[in-house]
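J.: Before I ask anything, let me first share the structure, which is written out below as structure tokens.
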Amino acid sequence: MLAMRPFLLILALIVLTGAFMTQSSSARAEEEQIQFMPQFKSHIQPFSQMLSGRSWLVASGQDPALSSFDRKEALSGVGSGSAQGGGGAALVPYRDPSAKFSRNVLISEDFGDLPFQTEPHLAVNPKDPDHIIAGMIDYGFPSLSSYVSIDGGATWEGPARVKYPRSDLASAGDPIIEFDRNGKAYYGYISVDVEEFVIGPLVGQSEISRISISRTDDGGLNWQDPIAAASASIRTRLTSAPDDPRVRGFISFGFLDKPWMAVGPDRKDPNRDVIYITYTNFISTWQVFWIDELPFLGAPILETVIEMVSSRDGGITWTQPVEVSPVVSYFTPAGQMLTPAAEVTDATRRIVQGSRPAVAPDGTVHVAWVDTTADGPFEGLAEIYVATSNDGGRGFNRPVRASFFLEPGFLTRNSFFRYWGTVFPRIDVGPAGEVYIVFTGVPSENPEDDGEVYFLKSTDKGATWSRRAVVNDDKSGRVQFFPEIAVSPNGDLHVMWGDMRDDRREASYHIYYTSSTNRGETWNVNSRVSDFASNPSRAFPRGLFIGDYFAMRATDEDVYMVWADARLGEFGPSNQKIAFARQRLMPSPSIFLSPPSGAGGKDVIIQGFNFQANRDYFVLVDGVVISNGRTQKDGVFSSRIFIPIASEGPHDVQILDSSGNAATASFFMDFGFSNLQELDASVQAIQDRIVGANGENPNPIA
């Protein structure tokens with residue numbers, strides 16, 4: 001039986017690890033490093049679905065910017081002009097404002113031929129609640145982006161570039177932003193690089209990832225060069241026999257994924273803030289075997305563990321990683337076959353993923369994550385665990401199971417976007433140290449429903465947890481996803497999520513919201529936030545990716561929300577923007593005409609205020625498009641338009657921008673076609689009288 005193992009291994013799984021090269025092929029090695037993203041076949045690829053967000057796209061070769069994804073499809077008809085809709089953008093989305101939230105503002109802009117922004121995050125300056133920084137993946141750049149608002153989100157400045165480390169090759173997503181109590185902000189994200197490894201006389205390459213951190217000292221207008229908070233590595237366990245130069249053994253490739261950040265007081269020094277970052281360490285271990293004189297890697301085994309690093313000097317230096325969760329294993333059939341039976345347990349398809357930290361006012365640190373259990377990801381049962389540290393993240397208590405639930409699939413059954421991230425727990429802490437979590441699960445009483453938003457709480461610092469309660473109040477059975485929770489300083493709870501309840505086809509989603517003023521004992525009636533629905537299939541090529549999360553922040557005076565928005569994709573090629581809303585009303589768009597009245601067939605000056613910044617706008621007179629232009633960065637424009645001759649009286653002049661903002665004014669035409677008809681009749685009457693006065697019959701009979 002042992003003699004059959006190499007043969008069975010080849011049949012079960014042979015994964016080539018990319019091009020090996022001799023050590024003398026330095027020129028080709030340099031060329032392959034430059035081109036690695038379009039060509040490289042990843043060692044993490046067999047497990048790519050378990051990675052978060054954009055890392056999944058990159059590892060599976062589907063990222064439109066960094067892989068061999070079909071750019072022709074992504075670019076068909078897309079450009080800086082056509083992405084705004086061109087002439088088709090005159091068909092502006094009808095906006096149906098919510099009664100309890102502001103009109104929506106599209107924060108992000110397009111600076112390349114891939115008009116896609118996703119995975120938004122928000123941070124609010126504790127010293128100034130109107131100072132907001134929004135971060136996001138922007139496919140128009142190789143690095144990440146941020147925008148700044150100093151008026152509570154009414155207007156935004158940016159994008160500012162958040163560059164990946166000079167030693168790395170690209171950014172790979174999962175942007176997260178936090179302020180400390182002194183008003184300094186930190187931006188965390190994944191960056192990727194390649195690292196060489198050696199097997200005997202041959203050299204290969206594999207991608208690795210880092211968790212990089214940038215800091216800003218001017219409120220988000222500029223970001224410093226990043227520092228690596230944590231880095232993955234490649235480790236080898238190789239041996240060779242004296243009579244056989246072919247090495248044997250294992251190579252382990254690390255990949256750090258799904259980082260999340262929290263900032264809070266040091267438990268031992270409450271006047272100092274500590275930055276905490278958690279992530280999942282994916283360690284794929286491959287066995288070396290030989291076919292003739294060439295080595296190959298196969299039979300991968302995956303281990304995952306939640307780890308934490310922290311910084312007490314503003315992100316300059318970082319601790320060594322601390323394990324927060326157990327190390328769990330996921331075996332492929334070939335990997336399990338080659339593993340000694342004593343090492344194989346019942347939990348052969350288990351991973352941990354989607355961690356989030358939160359810091360209580362007294363410095364206690366809580367970390368939540370999802371455990372897929374032994375039946376594997378995307379099916380069966382999953383569990384939410386929480387671990388607590390009372391010494392500033394240096395060590396953690398034994399994890400406590402907060403809930404278990406039916407796990408949704410990788411995709412919803414009605415859309416193509418990656419949905420599994422909706423099970424990752426979102427955690428926040430109240431002013432008295434109470435801990436709150438929201439997540440999405442399949443309701444056991446109605447497995448036909450692909451997702452409900454569940455709420456958990458602990459009032460004893462994470463030691464025990466309440467039964468889960470449903471937050472969304474619809475009875476439609478349609479899917480809810482990507483919930484977020486925020487606790488305002490006064491202890492009120494706020495929850496947002498994506499919701500398909502309004503579309504009987506379950507093709508488009510709105511953003512919904514609810515709140516609680518009694519620690520989640522009861523919830524207010526759900527309110528719609530978005531003023532236009534988003535169809536994921538119009539947001540991103542093939543509808544693959546709207547991110548793994550939305551974001552929300554709450555102050556005592558307001559609630560801020562951002563999400564992936566597809567409204568511009570309704571009237572042109574795929575387009576995904578980051579939309580923003582708040583509870584306070586936004587300044588309403590308005591226009592001013594000079595002069596407001598006069599004869600038709602003349603030029604009129606038109607000025608607009610409070611429109612969407614840097615967007616195409618269209619001028620309609622009585623419903624007919626007569627002109628177009630582009631707003632400035634503050635949402636203002638001024639233009640000279642020609643008012644065609646029409647009938648006497650008032651005429652509607654309407655301005656529509658390409659995101660759906662509208663304003664109307666009236667131009668009173670005091671001389672038009674009706675006046676010309678009256679003038680013509682008067683002239684004819686005068687001519688008739690003149691002819692009659694000359695003795696001629698003005699109406700001769702034929």
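The values are calculated or read from the model by the stated rules, or taken from the named source; none is laboratory data. Every value quoted in this text rests on a predicted model; they were computed, and no experiment measured them. Glycine gets a Cβ as well: all are built from the backbone with ideal geometry, and neighbour counts include every protein chain shown. Accessible surface areas use protein heavy atoms only, side chains included; no ligands, DNA or RNA. Shrake-Rupley method; radii C 1.70, N 1.55, O 1.52, S 1.80 Å.
J.: Report the net charge of residues surrounding Phe439, where surrounding means a beta-carbon distance below 13 angstrom and charges are Lys +1, Arg +1, Asp -1, Glu -1.
T.: -3
J.: Subtracting the Cα-Cα distance from 0.36 nm times the residue separation, let me have the gained length for Asp556 to Arg630 in nm, one decimal.
T.: Gain on stretching Asp556 to Arg630: 23.0 nm.
J.: Follow-up question, since we're still on this one. Just the number please: accessible area per residue for segment 114-169, 1.4 Å probe, all protein chains included, in Å².
T.: Result: 32 Å² per residue.
J.: Running Debye on segment 234-278 with equal point scatterers at the Cα sites and no solvent, what base-10 log of I(q)/I(0) appears at q = 0.16, 0.26, 0.32 Å⁻¹?
T.: For the requested q values the scattering log ratios are -0.63, -0.90, -1.05.
J.: Tally Lys/Arg at +1 and Asp/Glu at -1 over every other residue whose Cβ is under 10 Å from the Cβ of Ile208; what's the total?
T.: Charge balance near Ile208 sits at -3.
J.: In nm, to one decimal, how far is the modelled label at Asp473 from the one at Asp217, with both set 7 Å along Cα→Cβ?
T.: 5.0
J.: Cα atoms only: what Rg and Dmax, in Å, come out for segment 380-436?
T.: Over segment 380-436's Cα set, Rg and Dmax evaluate to 15.1, 45 Å.
J.: Normalized C-alpha radius of gyration of segment 384-476, against 2.2 N^0.38 Å?
T.: Dividing the Cα radius of gyration by 2.2 N^0.38 Å gives 1.21.
J.: Which value in nm describes the separation of the simple spin-label points at Arg542 and Asp652, placed 7 Å from the Cα toward the beta carbon?
T.: 4.3
J.: Below 9 angstrom from the Cβ of Phe642, what's the summed charge of the other residues (Lys, Arg +1; Asp, Glu -1)?
T.: So the surrounding residues net to +1.
J.: Return the inverse of the average 1/r over all pairs of distinct C-alpha atoms in segment 439-498, which is the Kirkwood hydrodynamic radius, in Å to one decimal.
T.: Over segment 439-498, the inverse of the mean reciprocal pair distance is 12.7 Å.
J.: Pairs to check: Lys268/Lys461; Lys127/Lys184; Lys163/Lys184; Lys184/Lys577; Lys163/Lys258. Give those whose C-alpha atoms are more than 21 Å from each other in this structure.
T.: In this structure, Lys184/Lys577 exceed 21 Å between Cα atoms.
J.: How many angstrom separate the Cα center of segment 578-635 from the Cα center of segment 397-435?
T.: 43
J.: Using 17 Å as the cut-off for backbone N distance, which residues of segment 558-593 belong to the label zone defined by a point 7 Å from the Cα of Phe668 along Cα→Cβ?
T.: Residues passing the 17 Å test: 592-593.
J.: Also, I was wondering about something else. Per residue and in Å³, how big is the convex hull formed by the alpha-carbon atoms of segment 109-240?
T.: 112
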